[in-house]
Amino acid sequence: MVGTATSLALLSTAGVVAIFTKLPKPVQKFMVDHALLTDFVSLIVVYVVLGGTLTALFASAIAGLLISGALHVLNHKEEFAFVFDLADAVGYGLKRAQEALTDFSAQYSMKKEKVVN
């Protein structure tokens, strides 16, 4: 149950972060400035979406802690600059991996085309 709740919490937190990044900047600022309200609303939404079971209760509590931590980091960017540097480094690495896969795919397609012709 705890393992399931943890995985549900991680997925729910990732969903909240994905939605948060798509929101307009004024809404994001409001959510960061009113972290307690954001925590409470996200906890209730996660609990309801996950079905209101005991596992959902654990998952929403864990997700609430993760979201609270993320909001704390966003409220204190100067203290957590290393988190943003790490995120930039991971993004750069993923972009390079995507470019490498795109190049490999193009080479594979050309090679396959030569074999067929």
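Please state which of the following conditions A70 fails to meet, knowing it meets all the rest: (1) more than 20 Å from A14 (Cβ to Cβ); (2) assigned to a helix (DSSP H, G or I).
(1)
Restricting to region 4-32, count the residues that are loosely packed, with under 12 Cβ neighbours inside 10 Å and more than 15 Å from A63 (Cβ to Cβ).
Residues flagged as loosely packed, with under 12 Cβ neighbours inside 10 Å and more than 15 Å from A63 (Cβ to Cβ) within region 4-32 amount to 6.
Is it the case that region 96-115 has a residue that's at pLDDT below 90 and β-branched (V, I, T)?
Checked region 96-115: at least one residue is at pLDDT below 90 and β-branched (V, I, T).
In this structure, does L66 turn out to be within 20 Å of A87 (Cβ to Cβ), at pLDDT 90 or above and touching a helix residue (DSSP H, G or I) at 6+ places or on another chain (Cβ under 7 Å)?
Spelling it out, L66 is indeed within 20 Å of A87 (Cβ to Cβ), at pLDDT 90 or above and touching a helix residue (DSSP H, G or I) at 6+ places or on another chain (Cβ under 7 Å).
Does any residue in region 74-98 that is surrounded by 10 or more Cβ atoms within 10 Å (Cβ to Cβ) come within less than 7 Å, Cβ to Cβ, of a residue that is β-branched (V, I, T) six or more places away or on a different chain, and which pairs are these?
Listed pairs, sorted by first residue: L74/V32; N75/V32; F80/V73; V83/V73.
Touching a residue at least 24 places away in the same chain (Cβ under 8 Å), crowded, with 18+ Cβ neighbours inside 10 Å and within 16 Å of T6 (Cβ to Cβ): does that describe L71?
So L71 does not fit the description; no.
Would you mention how many residues in region 73-106 are assigned to a helix (DSSP H, G or I) and closer than 20 Å to T38 by Cα?
The number of residues fulfilling the criteria is 3.
The values are calculated or read from the model by the stated rules, or taken from the named source; none is laboratory data. These numbers come from a predicted model, not from an experiment. So basically every Cβ, Gly included, is an ideal-geometry build from the backbone, and we count neighbours across all protein chains shown.
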